[in-house]
Ligand code: ZN
């Protein structure tokens, strides 16, 4: 089975449509979204509708929760907070209800799926370092856990009692090892590469591939400015930060 693993869309319709087209071109029919469909960008409603149509499974991210009153906004920095408030004003009732219906975690074919970190999914902690990963590995049982949240494509591996980080764009999974896999962000990448990032997971061949696709950053930026959202949210898209 081939899966498209996408995360952190952040209301960036331009990036999402390019990723969706690339998934179709590669004939990937099963798509899992790791959350943060909204927040930061200017097209929250359109992104909810495209994601609902495109995916088999979707989970809730912190920006989704923040935009529908399910998480305390004091957690967010100023830019993120004002984007959540803006999003909560423009979301349709239907999309608000849809976001409310999303689970915080789920399991698919034995793999765990969480937006932030498996230890306490509602605390929205980040897995940024090997040290973070060592702790997180001790908090779940599955061999593979997919996470988003940091917008950085990176994989942490537990090989017996050794830990290691993989930053390759294509690698094999060893069935006896354990993995925490982040596909990077579709709508606001933060690895200094502004292209939309996602992963293809070949479950039969035990293979992960990180895909990067260019999209129309200028249009996404213009919409952010026109919506009156903080300017930095537009600027950062071109920087991949
Ligand atoms: Zn995010």
Could you say whether any residue in the range 181-204 is free of Cβ contacts under 8 Å to residues at least 40 places away in the same chain and on the phi < 0 side of the Ramachandran plot?
no
Of the numbered conditions (1) in contact with a helix residue (DSSP H, G or I) (Cβ under 8 Å, 6 or more places away or on another chain); (2) under 29 Å from residue 28 (Cα atoms); (3) in contact (Cβ under 8 Å) with a residue 24 or more places away in the chain, residue 227 fails exactly one; give the number of that condition.
(2)
Just one listed residue, out of 34, 128, 99, is at pLDDT 95 or above and either more than 16 Å from the ligand (Cβ to nearest atom) or touching a strand residue (DSSP E or B) at 6+ places or on another chain (Cβ under 7 Å) (or both), and it is 34
Exactly one of 158, 212 is away from the ligand (no atom under 16 Å from the Cβ), farther than 22 Å from residue 36 by Cβ and in a strand (DSSP E or B), and that one is 158
Residues satisfying the stated conditions in the range 135-150, i.e. in a loop (DSSP other than H, G, I, E, B) and either surrounded by fewer than 23 Cβ atoms within 10 Å (Cβ to Cβ) or in contact with a helix residue (DSSP H, G or I) (Cβ under 6 Å, 6 or more places away or on another chain) (or both):
138, 139, 140, 141, 142, 143, 150
So, in the range 182-209, how many residues would count as being within 24 Å of residue 235 (Cβ to Cβ) and in a loop (DSSP other than H, G, I, E, B)?
12
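The values are calculated or read from the model by the stated rules, or taken from the named source; none is laboratory data. Here the structure is a predicted model, which is why all the values come from computation and not from measurement. Cβ atoms come from the backbone with ideal geometry, glycine included; neighbour counts cover every protein chain shown.
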